[in-house]
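Quick one: structure below, then a few questions.
All of the numbers you see were taken from the coordinates with simple rules; none came from a lab. Not measured: the values here are computed from a predicted model. With ideal geometry, Cβ positions are generated from the backbone for all residues, glycine too; neighbour counts draw on all protein chains shown.
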Amino acid sequence: MTLMNDSFITRFAPSPTGRLHIGHAYSAFFAYRLAKESGGKFILRIEDIDPERCQKEFEDGIYEDLAWLGLDWEKPVRRQSDYMQDYNKALTKLHNRNLLYPCFCTRKEIRQEVMLSGYAPHGPEGLLYPGTCKGLSNIVREQKIAAGIPYAFRLDLEKAMADIKEPLTWIDREKGEQQATPEILGDVVLARKDINASYHLSVTIDDHIQGITLVTRGEELFYASHLHRLLQELLELHVPQWHHHKIITDKDGNRLAKRDSSISIQYLREKQGRTPQDIFDIIGL
């Protein structure tokens, strides 16, 4: 069911793996402004499903930076690590439909397999998985799991698409109606042995549970929306609209990253004495 609403429910969903930078400020304020101008709601979500990279100090920094910018959000804040059962439930549903298979390949092994095949299938986000583990027998899979070999669960895209009876479409507020072509991303990973949900699965489930009606995010994630539309159909979830905004870059055209501390909001505030208005001027909002 597609959600159409004049009052948008938007969200900003950072991962606490570093301090927010001005690119984050753009994304947060972009979603915040659309929600407030439409009389809707702005939701903050903490995407912390990776326990090795996410830190409490960075989560606290997210709240500090957003409050300093003058943004407010709905309470309580959803922290993904507190709701792993929601992702397990979705995975179980896909398992029961035989739409997942375990993959034991490392990134190095995938590259070697592609080189040996002489064919390198690519999508908009890079090399596509060649399906090395898709044809393994159940016995071999069980033996590998019993041996403790790390694995991930991949979506069997061919089977998933065979279950879809009507063309999948979605609305991008800049580009108009789009037809979903998730095959451009191949058999993506939806969960790992140690992390019960990938970004693709968790964000799709969260947007449904939180009633998001307009997903705003950077244009580098435009192609991911094709896959998310498929997951919504398979899991019988609501379908929001999307708005993919521009990416904030440095003077050389490089996308801003957390590793560059000089453009963090904290650095600009504490070391350069910048004001919130300075930040809005920098990002052009």
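Within segment 6-34, whose backbone N sits under 12 Å from a point 7 Å along Cα→Cβ of Glu64?
19-20
Next question, about the same structure. List the residues whose amide H sits under 5 Å from the amide H of Tyr101, counting only those 5 or more places along or on another chain, with H placed 1.01 Å from N in the peptide plane.
It is Arg154, Asp156, by chain and number.
Placing +1 at every Lys and Arg Cβ and -1 at every Asp and Glu Cβ, with all other atoms neutral, what dipole size does the chain have around its Cα centre, in debye to the nearest 20?
420
Oh, and also: How would His243, His95 line up from fewest to most surrounding beta-carbon atoms within 10 angstrom?
His95, His243
Per residue of segment 269-285, what does 6.51 cos²θ - 1.76 cosθ + 1.60 with θ = phi - 60° give for ³J(HN,Hα)? Whole Hz please, x for Gly and Pro, Karplus curve as stated.
6, 8, 9, 10, x, 6, 9, x, 5, 4, 5, 5, 5, 5, 7, x, 10
May I ask what percent, to the nearest 5, of DSSP beta bridges between residues of the chain are antiparallel?
Of all bridge pairs located within the chain, approximately 55 percent are antiparallel.
A follow-up question, please. If you fit an axis through the alpha-carbon atoms of helix 84-96 and take the longest principal axis of the Cα set of the chain, what angle between them do you get, 0 to 90°, nearest 10?
Rounded to the nearest ten degrees, it is 30.
OK, next. If the only charges are +1 at each Lys and Arg Cβ and -1 at each Asp and Glu Cβ, what is the size of the charge dipole of segment 1-118 around the Cα centre, to the nearest 20 debye?
The calculation lands at about 400 debye.
Taking R0 as 41 Å, what FRET efficiency do you get between Gln178 and Gln266 from their Cβ-Cβ distance, rounded to the nearest 0.05?
For R0 = 41 Å, the calculated efficiency reads 0.65.
From the helices alone, meaning DSSP H stretches of at least four residues, give me the mean residue ellipticity at 222 nm for the chain, per-run term -39500 (n - 2.57), in deg cm²/dmol to the nearest 500.
After summing the helix terms and dividing by the residues of the chain, the value is -11000 deg cm²/dmol.
A further question follows. Taking amide H atoms as placed 1.01 Å from N in the peptide plane, list the residues 5 or more away in sequence, or in a different chain, whose amide H sits under 5 Å from that of Arg78.
Those lying under 5 Å, H to H, from Arg78 are Ile46.
Among Ile265, Ser198, Tyr26, flag the residue with its Cα farthest along the positive direction of the charge dipole of the chain, charges on Cβ as +1 for Lys/Arg and -1 for Asp/Glu.
Ser198
So, with +1 on the Cβ of K and R and -1 on the Cβ of D and E, and no other charges, what is the size of the charge dipole of segment 121-193 about its Cα centre, to the nearest 20 debye?
I would put it at about 440 debye.
Apply the Karplus parameterisation 6.51 cos²θ - 1.76 cosθ + 1.60, with θ equal to phi minus 60°, to every residue of segment 166-176 and state each ³J(HN,Hα) to the nearest whole Hz, in sequence, with x for glycine and proline.
10, x, 8, 10, 8, 9, 9, 5, 9, 9, x
Also, I was wondering about something else. Rounded to whole Å and sorted largest first, list the principal axis extents of the Cα atoms in segment 142-210.
49, 29, 18
Positive end of the dipole of the chain, charges at C-beta (+1 Lys, Arg; -1 Asp, Glu), about the Cα centre: which of Pro182, Met161, Gln55 has its Cα farthest in that direction?
Gln55
Relative to the present Cα-Cα distance, how much length would full extension add between Met161 and Arg274 at 0.36 nm per residue of separation?
Between Met161 and Arg274, full extension yields 35.6 nm more.
Additional query: Using only the Cα atoms of the chain, what semi-axes does the equivalent ellipsoid have when each is the square root of 5 times a gyration tensor eigenvalue? Give whole Å, largest first.
Ellipsoid semi-axes (Å, largest first): 34, 22, 19.
If I model a spin label at Lys193 and Asp281 as a point 7 Å from the Cα along the Cα→Cβ vector, what separation in nanometres do I get?
5.4
List the cysteines in the chain whose Cβ has no other cysteine Cβ under 4.7 Å from it.
Cys54, Cys105
How big is D for segment 104-249, in µm² s⁻¹ as a whole number, if Stokes-Einstein is applied with the Kirkwood radius of its Cα pairs at 10 °C and 1.306 mPa s?
Here the translational diffusion coefficient equals 94 µm²/s.
Name the residues whose placed amide hydrogens come within less than 5 Å of the amide hydrogen of Ala197, ignoring near sequence neighbours (fewer than 5 apart) on the same chain.
Correct list: Arg192.
On a 27 Å Cα-Cα criterion, which of the cross-link pairs Lys75/Lys165; Lys56/Lys108; Lys134/Lys165; Lys93/Lys165; Lys93/Lys246; Lys56/Lys134 come out too long?
Lys75/Lys165; Lys56/Lys108; Lys93/Lys246; Lys56/Lys134
Kirkwood hydrodynamic radius, computed over distinct alpha-carbon pairs, for segment 1-114: how many Å, to one decimal?
16.8
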